[in-house]
Amino acid sequence: MNASELMTSHPKSCSPNDSLQRAAQIMWEADCGVVPVVDDQNHVVGMITDRDITMAAYTQGSALWQIPVSSAMAKQVHGVREKDSLEVIEALMRRVRIRRVPVLDSEGRLKGILSMSDLARHAHRTGRKGNGLSGDSIVQTFAGICEPRTTGAKEPVTKGTPAQITA
């Protein structure tokens, strides 16, 4: 099984110039905690989470409608390709400690989004029937994601891993 078979297709997105109020509205309407940030050609240039919005509002001391998404979004994005296996995606999530990844076409355009929740629901529904995911692997991945980060440490980018985009 690969990313395109399990992803949420056509996720809502916003632009770097949108306000945090718009990003929060998208999250509310789509019942999600992350919104991909895309340019005019639908290339992913960042990701914004509900936590990013909250922290930006607190640290910048302005109303959400006054703060652009670009000032709070993550600019280093780890994405996956449509044909990447669930095992590759799970390993990426564990390695870079992220819960959600954008799914990109060969040109880096947004095609979908895949979350830890998607993987967990899939593993629960199917058990370990050839998909490579198990309850144990999902728990290990979630534990890895939740591991405290060390200050200033950066993950090296290695060959053969899913796409990494830096805006």
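Nothing in this text is a laboratory measurement; each read-out follows from the coordinates by a stated rule. Remember, it's a predicted structure, so these values are computed and weren't measured experimentally. Virtual Cβ from ideal backbone geometry, glycine too; neighbours counted across all protein chains shown.
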- Item | Proximal charge balance of residue 117 [Cβ under 13 Å; K/R count +1, D/E count -1] | +1
- Item | Fully extended contour minus Cα-Cα distance, from residue 42 to residue 82, at 0.36 nm per residue | 12.9 nm
- Query: Once fully extended, how much extra length lies between residue 99 and residue 71, figured as 0.36 nm per residue of separation less the alpha-carbon to alpha-carbon distance?
  - Reply: 7.9 nm
- Query: What are the trypsin sites (Lys or Arg not before Pro) within region 69-114 that DSSP puts in a loop, where the Cβ has at most 13 other Cβ atoms within 10 Å?
  - Reply: 75, 83
- Task: Search the structure for amide H atoms under 5 Å from the amide H of residue 46, placed 1.01 Å from N in the peptide plane, and list their residues when 5 or more places away or on another chain.
- Result: 37
- Once Lys and Arg are counted +1 and Asp and Glu -1 for all other residues with Cβ under 12 Å from that of residue 31, the total becomes -1
- Note on the structure: Net charge near residue 103 (other residues with Cβ under 9 Å of its Cβ; Lys, Arg +1; Asp, Glu -1) is -1
